[in-house]
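Here is the structure we will look at.
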């Protein structure tokens, strides 16, 4: 059985120390359809770290499994990406 996740990527940090990285990973109990539904909701409603005060929001559907949301604040624009992903492999380095 497939394991589905919803990933959120966004700028994390402040000022000159910002980096683009995975901010959240949501494990999905259902299948791909459930993951797509969760991704849609996150694209529409996720509150990224920046901006602190949101003035406007534009949501773009890239494809069925990826959304890009631009959030406009008082002085700058920020964006985040929501992606539906199937967990393909996991390898543990812990000794058995």
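Read-outs throughout are calculated quantities, based only on the coordinates presented, and are distinct from any laboratory measurement. As the structure is a prediction and not an experimental result, all values here were calculated from the model. Cβ placement follows ideal geometry from the backbone for every residue including glycine, while neighbour counts extend to all protein chains displayed.
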Once the Cα atoms of helix 32-45 and of the chain are each reduced to a long axis, what angle between those two axes, in degrees from 0 to 90 to the nearest 10, is obtained?
20
Calculated FRET efficiency for the pair residue 26/residue 61, C-beta based, R₀ 22 Å, to 0.05
0.75
Alpha-carbon Rg with Dmax, taken over the range 4-86, Å
12.9, 40
Two-decimal log10 I(q)/I(0) for the range 2-45, as the Debye equation yields it once each C-alpha is a single scatterer, q = 0.34 Å⁻¹
-1.14
Compute the length gained on full extension between residue 87 and residue 17: take 0.36 nm times their separation in residues and subtract their Cα-Cα distance, giving the result in nm to one decimal.
22.2 nm
With label points built 7 Å along Cα→Cβ from the Cα atoms of residue 33 and residue 9, find their separation and express it in nm.
2.8
